[in-house]
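**Q** Structure incoming, see below.
No lab work stands behind these numbers, since they all come straight from the coordinates. Just so it is clear, the structure is predicted and the values come from calculations on it, not from any experiment. Quick reminder, even Gly has a Cβ in these numbers, built from the backbone with ideal geometry, and neighbours come from all protein chains shown.
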Amino acid sequence: MTKEPLKPREVKLMKGNEALAEAAIRAGMDAYFGYPITPQSEVLEYLTIEVPKRSGLVLQAESEVAAINMIYGASGAGGRVMTSSSSPGISLMQEGLSYIASAELPCLVVNVNRGGPGLGTIQPSQGDYFQSTKGGGHGDYRLIVLAPASVQEMADFVFDGFVLAEKYRGPVLILADGALGQMMEKVDLKAEGSLPKTVPSWATRGRSKDRDPNIITSLFIQPEKMEQINMRLQAKYKIIAEKEVRYEEYHTDDADYILVAYGLSARIVRKTVDLAREKGIKAGLLRPQTLFPFPSVRIAELAKHAKAFLDVEMNAGQMVEDVRLAVNGKTEVFFKGRMGGIIPSPEEILEELERIDEKIVAYQE
Amino acid sequence: MYKSDEIIIAGFGGQGVLSMGQTLAYAAMIDKKETSWMPSYGPEMRGGTANCIVIVSEGPISSPIVTKFDSGIVLNQPSMEKFEEAIKPGGVLVYEASTIITAPTRTDITVLKIPAIDEANKMNKKQVANMIMLGAFLELKPILAMESILSALKKVLPERHHHTIPLNEKAILRGRELAAEQLTVSNTI
């Protein structure tokens, strides 16, 4: 089959899931392994149509467990690889993710978060924050977690995700949600073939005579050896925490109240900030774009001047723990959340902010 | 606060409500406006009804999912029952009058009654009923340039259907005429 020529930069109206899949092809993905689940099935569907005409390989695995282990193998062979799923499927992948983190292999994993626990609902949720940022699988490891808030970032973070995964030799997670996956928005797609690729020296692609065999494993039975591996991983996470933090701020300069939210919640909170300012309440938004590493240093700075923080999530309160750790008692941290696939409205967050404002003003008087 | 139009388009699967929404969203993009298109994909679509929310805005869009709407384009009875109350006071509701048997009772919104399916049948192409509805809505609320809508059709329709674009254009114009007639009558009352 003749392959289509490389695509130039293009502006399109696309679904988040499709934009992400298209970006993966443009970013030079060698292989995708996955299993369908709402609300991210369009990723596999889109790739199944496009990849055979373009470049790479796409395969529907027999399960999510199989998919993540195929990722392990293909990454070990030096491929640029991606898988995607939604919450219950990502739970199934946790053992494999822990192995991949230990074996220090680059890969991109996408979670289009739906409401849980259990099979839950297919509506958007942010209930997987803990699982995404605190390890998820067993052992001391971290994923770099990117949190898009638009279809544009669904596409851009694929490029960034591959770069980070390869730079730090480890799994990177894009944590989206059902709404970001299903919605259509304008997206400016980067040109195909713009992300350079080399075969890494550690890849297991057959040994040449002039070097020792490459071995990829996550089994280090000697505790002394295992501790060395742990120390190396921790040193890597420390560098990531220092160098790769990303966030966006909106009206934080003079803000009395700092609202913290990521992904879809952050878009809603942005409107709350506008509504609050119309009413004379000085609110600002800090939107983490990386959830690990977390913008703790910036939050600590903002805590010096803010009257209070309000963390907003589509869950029972998960990121708020990281906000509290960063604020470290300097000021109060409040939480507002909705669960089970319900999206909060800008107005109900404003009501919560007004209650907090009344309380703080009364206390000061 | 910047201007924004939050639109619900609802009907049966197969009536073209999703592509109608995409046409609006694409046209908004061509008109350099912010836009989002959000389909129903949850439990509500399992009963055969389909809907999408389209937001056309002068500024950034917060949530693509809202529960109150400035505008409604409704093509079947179950959707009428569900969304009549969800239109904001002062908003507009355009409904398909060949199949919807209960007319809306709201008096605080502008209502357009468009027999789009009958009209489409007169054009010998029942699939263009959605475009008649879209035309009627745009006559009532000209939020997007007509040439942008026509360019958007080329993006939304797959290439194998591009030969139907002239017919779709005709349907949009017919919708505008029907709306214009009704608006003239209501202005004289």
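**Q** Within 10 Å of each Cβ in B:16-27, how many Cβ atoms from other chains are there, averaged over the peptide?
**A** That average works out to 1.
**Q** Of the DSSP beta bridges with both residues in segment A:10-243, give the percent that are antiparallel, rounding to the nearest 5.
**A** On the way: 7 of 27 bridges.
In segment A:10-243, approximately 25 percent of DSSP beta bridges are antiparallel ones.
**Q** Using Cα atoms only, what is the angle between the long axis of helix A:151-168 and the major principal axis of chain A, expressed in degrees (0 to 90) to the nearest 10?
**A** Orientation of helix A:151-168: about 60 degrees from the principal axis.
**Q** If amide H atoms are built 1.01 Å from N in the plane of the peptide, which residues on other chains or at least 5 residues away come under 5 Å of the amide H of A:ARG80?
**A** A:ASP30, A:ALA31
**Q** Please give the average number of partner chain Cβ atoms lying within 10 Å of the Cβ of each residue in B:33-39, rounded to a whole number. Walk me through the intermediate numbers first.
**A** Numbers: counts 1, 2, 4, 9, 7, 6, 4.
Across B:33-39, the average partner-chain Cβ count within 10 Å equals 5.
**Q** Tell me, how many Å apart are the Cα centres for segment A:160-224 and for segment B:144-175?
**A** 43
**Q** Quick one: 3J(HN,Hα) in Hz for segment B:49-61, Karplus 6.51/-1.76/1.60 with θ = phi - 60°, rounded, Gly and Pro as x.
**A** Taking θ as phi minus 60°, the curve returns 8, 10, 8, 9, 10, 10, 10, 10, 9, 7, x, x, 8 Hz for segment B:49-61.
**Q** Also: Toward the positive end of the charge dipole of the protein assembly as shown, about the Cα centre and with charges on Cβ (Lys, Arg +1; Asp, Glu -1), which of A:MET226, A:GLY329, A:ALA306 goes farthest?
**A** A:MET226
**Q** Rounded to the nearest 500, what is the 222 nm mean residue ellipticity of chain A from helices alone, with -39500 (n - 2.57) per DSSP H run of 4+ residues and division by all residues?
**A** -12500 deg cm²/dmol
**Q** Using θ = phi - 60° and the Karplus form 6.51 cos²θ - 1.76 cosθ + 1.60, what ³J(HN,Hα) does each residue of segment A:3-18 get, whole Hz, x for Gly and Pro?
**A** In residue order, the calculated couplings are 7, 5, x, 4, 7, x, 4, 8, 9, 9, 9, 9, 5, x, 4, 6 Hz.
**Q** On to the next question. Which value, in debye to the nearest 20, describes the size of the charge dipole of segment A:10-243 about its Cα centre when Lys and Arg Cβ atoms bear +1, Asp and Glu Cβ atoms bear -1, and nothing else is charged?
**A** On the way: 23 positive and 26 negative charges, 132 e Å.
With Lys and Arg at +1 and Asp and Glu at -1, about 640 debye.
**Q** Under a 5 Å amide H to amide H cut-off, with H placed in plane at 1.01 Å, what residues pair with A:ASN113 once short-range neighbours are removed?
**A** It is A:ALA176, A:ASP177, A:GLY178, by chain and number.
**Q** Additional query: For segment A:10-243, what relative contact order do you get, as a whole percent, if you take Cα pairs closer than 8 Å and at least 6 residues apart?
**A** Dividing the mean separation by the residue count of segment A:10-243 yields 26 percent.
**Q** In whole Hz, what ³J(HN,Hα) sequence does segment A:136-146 give by Karplus (6.51, -1.76, 1.60; θ = phi - 60°), x for Gly and Pro?
**A** x, x, 8, x, 7, 9, 9, 10, 6, 10, 9
**Q** Using only alpha carbons, build the gyration tensor for segment A:85-128 and give me the equivalent ellipsoid semi-axes, biggest first, whole Å.
**A** Three semi-axes, in Å: 23, 10, 7.
**Q** May I ask for the Rg/Rh ratio of chain B, computed from Cα atoms with Rh as the Kirkwood radius, given to two decimals? Could the numbers behind the result be given before it?
**A** Values: Rg = 15.3 Å, Rh = 16.4 Å.
Here the Rg-to-Rh quotient is 0.93.
**Q** How many percent of DSSP beta bridges within the protein assembly as shown run antiparallel, rounded to 5?
**A** 40
**Q** Next up: Search the structure for amide H atoms under 5 Å from the amide H of A:THR252, placed 1.01 Å from N in the peptide plane, and list their residues when 5 or more places away or on another chain.
**A** Close amide H contacts, sequence-distant or interchain: A:LEU285.
**Q** Can you tell me how segment A:207-283 classifies by the Cα gyration tensor, rounded, prolate or oblate, using a/c under 1.5 as the rounded cut?
**A** prolate
**Q** If packing is taken as the average count of other Cβ atoms within 10 Å, what order do A:345-358, B:91-104, A:111-124, B:19-32 fall into, highest mean first? Before the final figure, lay out the partial values.
**A** Values: A:345-358: 17.3, B:91-104: 19.1, A:111-124: 21.6, B:19-32: 23.6.
Those peptides, ordered most packed to least, come out B:19-32, A:111-124, B:91-104, A:345-358.
**Q** Using the C-alpha gyration tensor of chain A, what are the square roots of 5 times its eigenvalues, in whole angstrom, with the largest one first?
**A** 37, 24, 18
**Q** Just tell me how shielded A:174-186 is by partners: mean number of partner chain Cβ atoms within 10 Å of each residue's Cβ, no decimals.
**A** Taking the mean over all residues of the peptide, I get 5.
**Q** If you don't mind, there's one more thing I want to ask. Provide, as a two-decimal number, the C-alpha radius of gyration of segment B:7-100 over 2.2 N^0.38 Å, N being how many residues it has.
**A** Dividing the Cα Rg of segment B:7-100 by 2.2 N^0.38 Å gives 1.03.
**Q** Does anyone have the angle between helix A:346-364 and the longest principal axis of chain A? Alpha-carbon axes, 0 to 90°, nearest 10?
**A** 50
**Q** Then there's this: Report, in degrees rounded to the nearest 10, the 0 to 90 angle that the Cα long axis of helix A:223-243 makes with the longest principal axis of chain A.
**A** It is inclined by approximately 50 degrees.
**Q** Still on this structure, please answer the following. To the nearest µm²/s, what D does Stokes-Einstein give for segment A:248-364 at 4 °C and 1.567 mPa s, using the Kirkwood radius over alpha carbon pairs as Rh?
**A** The calculation lands on 94 µm²/s.
**Q** Round to the nearest 0.05 the FRET efficiency obtained for B:THR184 and B:THR105 when R0 = 25 Å and r is the Cβ-Cβ distance.
**A** Details: r = 23 Å, r/R0 = 0.94.
For B:THR184 and B:THR105, the calculated efficiency is 0.60.
**Q** Here's something else I'd like to know. Return the loop-located GluC sites (Glu not before Pro) in segment A:1-67 (DSSP other than H, G, I, E, B) with at most 12 other Cβ atoms within 10 Å of their own Cβ; answer none if there are none.
**A** Within segment A:1-67, the qualifying GluC sites (Glu not before Pro) (loop, at most 12 other Cβ atoms within 10 Å) are A:GLU62.
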